[in-house]
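Data first, discussion second: the structure below is written as structure tokens.
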């Protein structure tokens, strides 16, 4: 073999005119041609049989007693002299609970959700949650997302098992998207979910031809690997190709929807765009963090109020954007546990047990708040301090899975669980 | 499509083994202990790896041209002992590289907060830069690994208010100061760390309304572990013990300095009972007694041993190595070096399957393999911040106190960012830093590698992976390289970016 002298520069530089681009420049170069048939058409039903599922997780144990407020409950006001949200009929002009059904109401920061509740397209289920007694964030989140409270036996999550067991022909690599930097546990399973932060940034650097060649060679190398890493690589490759075809930079929300700033709202906006682009999206997970309010939680304003505003305004924009297509979408919002009934000395709340879930869908029975409510006196509280769980969260999810997502394999999705009806979704 | 195991079987595993020079010290010890040479084959679906490469990738953040030569020269045993005594290793290169960051990194967090209240980004970049640069350049690699390990074990989240500023003190005074001493020392340092006391709200833990947050994580995450045998009542008692473990207020010091302070007025006097042991009323000293109790508890030994084994051996470490490490931990009074030595001398360590690199580890290993020099640590940190954040592994940004997960399943997503980092690193696109092509060429020359595309890439494969490329890998890489430009011009760069992005380099 001839020994060539490799100059320092030539050693590593790409040759010829294939100038190496920054990621941003490559993004611009790779802008897809406008594909009007694919992009943003009204939802067609191809192989996604049921509703598109959007699962929103409030990380940190959200104080849902201050979100769906039991304003008819005296014990609530006795337990929270600083933090309780004033009754709907409280004197003065300060923000107060927005009544929903004469007993429960909404935190005032959630005002943009009121019309959706009133239209029967949003409901809350209270005194619900995962029955495992843990008060540890990671355990509680983990169990809730796995769908097997108390049991680490299955490596998958409830949505992962749903997607693995539903008998549809959906082979799309973007069936399941976890918005953010890492895929949520709920999505893990036999299917390959994708962690996505931004639709337009999802491609290899370099000019298109070089990137395509490298992608091919990477695919060959990863094929020599163990199953799960190979699956991850293949999902990445296909997703790159599909997402390039969506044309997100041209997406315009419909019906005058205005999304607020922030990652949470952007995830919802991009979900709307992907639903409309008909790329086979079946399930999306979105996280909203910051709910672990041990100190200075605030009441009608403050830390939690701001989070509730972020949550509500984002959901409201998504609802407006989707318009009549909400009949093909189900959104569920949950948190790993609720918080203690009694406030603590730091003007906050500590870890609790039961709490509320929210559901937004075009197919609800329309009861604003469903709860098997036992009151808040000490003798009914879990450990004498926490809201008990009178409706297992898996009952809520089971109803959604069977009535809206077209999946009856509940025994595989929630093993060792016997579901009961909740009356949340229309049959 | 055949997988790697099938391919190796057609080669004959023995053939793969013969390709490597096994350090006689390691082999000699193995034979003396009755373990066959075959035991050095990882039991994983992969080609056998050179023990020199194995020790480099486990104890350090990855091979560099200099380290490749150094470990060959002194051998595996000497290298392990060298790394276990970081204070004996001269480290001027890394120290001068981070010098621009020292005005921040040496300052008190409270003072920093006064100066940088509206410029958190600068402090964040100093912390990130200081961490990454030292992982890249320090010769005290095992020490940096332990700083990293304890930073995850006693994890704090810098996005929570003042914690960002106080993490500067925590990094210096907790993990760096105590990282290779004893567990009791580092536990004590963490329990006095304003960053920790604020992050987990213990600074506000007072007798009339105890705040359990830190007490719970102290038991669940820092010491006994979630199944270590404590009860909810223990959590509450620990919270009582730790009432008063707080921080000085900003108003107390003219320059804004924040330090640990025991607040008498917050403390819940009276006896407590924790894990069946009575802690008599004794003010601040109750906490020290508590930490003594927790540090020497067998569940703590097991919990810490498990995490060390997970970091250094495998995602699911064999029970036997956990047992051995826990025993050393207990017998030695929580001596970290002794515990590590037990792990590094074990059969399980040498037989360990490849461990998937966390995203930041992967990026650092890229930069080390290409012998990057750092001109401007802050600028470099700024350039790395977004990709590391996208992959969910930006240092100190794990929100929960359990720290970044240390198993493959948590990190298999984000491949596209890894691939793009590999491309960017090869083409010298990192701001504030410069690729070491000189030393790579010098290495190739010293090793007598012919300077044609295939020869160079074959050598780079061995250098990066610690084993020869398989025939299949070679074909794929060389074909790709040859399609990417004319001989020498651009082919090597392309092939190198593919090697760095390939699955084998995702493992250590």
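The values are calculated or read from the model by the stated rules, or taken from the named source; none is laboratory data. Please read all numbers here as calculations on a predicted model, not as lab measurements. Reconstructed Cβ throughout: ideal geometry from the backbone, glycine too, with neighbour counts over all protein chains shown.
The table for this structure:
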| item | result |
| --- | --- |
| Single unsatisfied condition, residue A:92 versus (1) at positive phi; (2) modelled with pLDDT of 95 or more | (2) |
| Some residue of the stretch B:447-462 being under 25 Å from the mean Cα position of the chain (by Cα), within 11 Å of chain A (Cβ to nearest Cβ) and buried (at least 18 other Cβ atoms within 10 Å of the Cβ) | no |
| Residues of the stretch B:469-487 satisfying the condition of being crowded, with 18+ Cβ neighbours inside 10 Å and either at the interface with another protein chain (Cβ under 7 Å from one of its Cβ atoms) or outside any helix (DSSP H, G or I) (or both) | B:469, B:470, B:473, B:476, B:480, B:484, B:485 |
| Options B:279, B:343: the member that is surrounded by 17 or more Cβ atoms within 10 Å (Cβ to Cβ) and either in contact with a strand residue (DSSP E or B) (Cβ under 6 Å, 6 or more places away or on another chain) or at positive phi (or both) | B:279 |
| Positions within the stretch A:166-187 being farther than 19 Å from residue A:58 by Cβ and under 14 Å from the mean Cα position of the chain (by Cα), in sequence order | A:176 |
| Wholly enclosed helices (runs of 4 or more DSSP H) of the stretch B:141-242 bearing at least 2 residues in contact with a strand residue (DSSP E or B) (Cβ under 6 Å, 6 or more places away or on another chain), over 30 Å from residue B:86 (Cα atoms) and modelled with pLDDT of 95 or more | B:232-241 |
| Flag for residue B:433 being under 24 Å from the mean Cα position of the chain (by Cα), facing chain A (nearest Cβ under 8 Å) and over 24 Å from residue A:199 (Cα atoms) | no |
| Residue among A:273, A:239 that alone is within 21 Å of residue B:423 (Cα to Cα), touching a residue at least 60 places away in the same chain (Cβ under 8 Å) and within 23 Å of the chain's Cα centre (by Cα) | A:239 |
| Criterion (out of contact with any strand residue (DSSP E or B) (no Cβ under 9 Å at 6 or more places or on another chain) and under 18 Å from residue A:100 (Cβ atoms)) met by exactly one of A:424, A:376 | A:376 |
| Residue in the stretch A:401-408 that is without any contact (Cβ under 8 Å) to a residue 40 or more places away in the chain and either assigned to a loop (DSSP other than H, G, I, E, B) or farther than 27 Å from residue A:302 by Cβ (or both) present | yes |
| Checklist (1) surrounded by fewer than 24 Cβ atoms within 10 Å (Cβ to Cβ); (2) over 21 Å from residue B:55 (Cβ atoms); (3) in contact with a strand residue (DSSP E or B) (Cβ under 6 Å, 6 or more places away or on another chain) applied to residue B:356, failing item | (2) |
| Test: residue in the stretch B:394-407 that is in a helix (DSSP H, G or I) and either more than 10 Å from every other protein chain (Cβ to nearest Cβ) or out of contact with any helix residue (DSSP H, G or I) (no Cβ under 7 Å at 6 or more places or on another chain) (or both) | no |
| Complete set of residues in the stretch A:167-213 that are part of a strand (DSSP E or B) and at pLDDT below 85 | A:194, A:195 |
| Residue that is nearest to residue A:77 (Cα to Cα), among those in the stretch A:342-400 that are more than 22 Å from the chain's Cα centre (by Cα) and assigned to a strand (DSSP E or B) | A:386 |
| Residues that are away from every other protein chain (no Cβ under 13 Å) and not in a loop (DSSP other than H, G, I, E, B), drawn from the stretch A:59-73 | A:64, A:65, A:66, A:68, A:69 |
| Lone qualifier among A:120, A:129 - being buried (at least 20 other Cβ atoms within 10 Å of the Cβ), in contact (Cβ under 8 Å) with a residue 60 or more places away in the chain and at positive phi | A:129 |
| Whichever residue in the stretch A:172-209 is away from every other protein chain (no Cβ under 12 Å) and more than 20 Å from residue A:144 (Cα to Cα) and, among such residues, is surrounded by the fewest Cβ atoms within 10 Å (Cβ to Cβ) | A:208 |
| Filter pass, residue B:322 being crowded, with 19+ Cβ neighbours inside 10 Å, without any contact (Cβ under 8 Å) to a residue 24 or more places away in the chain and out of contact with any strand residue (DSSP E or B) (no Cβ under 8 Å at 6 or more places or on another chain) | yes |
| From the options B:163, B:241, B:235, residue that is farther than 26 Å from residue B:306 by Cβ and buried (at least 19 other Cβ atoms within 10 Å of the Cβ) | B:163 |
| Only one of B:226, B:235, B:247 that is within 9 Å of chain A (Cβ to nearest Cβ) and touching a residue at least 12 places away in the same chain (Cβ under 8 Å) | B:235 |
| Members of the stretch B:465-487 that are without any contact (Cβ under 8 Å) to a residue 24 or more places away in the chain and within 14 Å of residue B:502 (Cβ to Cβ) | B:469, B:474, B:475, B:476, B:479, B:480 |
| Considering residues of the stretch B:359-385 that are assigned to a loop (DSSP other than H, G, I, E, B) and touching a strand residue (DSSP E or B) at 6+ places or on another chain (Cβ under 9 Å) only, the residue farthest from residue B:64 (Cα to Cα) | B:376 |
| Residues of the stretch A:212-242 classified as in contact with a strand residue (DSSP E or B) (Cβ under 8 Å, 6 or more places away or on another chain) and over 22 Å from residue B:496 (Cβ atoms), total | 2 |
| Number of the condition not met by residue A:228 [criteria: (1) at the interface with chain B (Cβ under 8 Å from one of its Cβ atoms); (2) in a helix (DSSP H, G or I); (3) farther than 23 Å from residue A:412 by Cα] | (3) |
| Selection status of residue B:466, away from chain A (no Cβ under 11 Å) and at pLDDT below 95 | yes |
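Yes/no matrix, rows are residues, columns are (1) over 30 Å from residue B:217 (Cβ atoms); (2) crowded, with 21+ Cβ neighbours inside 10 Å; (3) modelled with pLDDT of 95 or more:
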residue: A:313; (1), (2), (3): yes, yes, yes
residue: A:320; (1), (2), (3): yes, no, yes
residue: A:324; (1), (2), (3): yes, no, no
residue: A:334; (1), (2), (3): no, yes, yes
residue: A:337; (1), (2), (3): no, yes, yes
residue: A:393; (1), (2), (3): no, yes, yes
residue: A:398; (1), (2), (3): yes, yes, yes
residue: A:409; (1), (2), (3): yes, no, yes
residue: A:420; (1), (2), (3): yes, no, yes
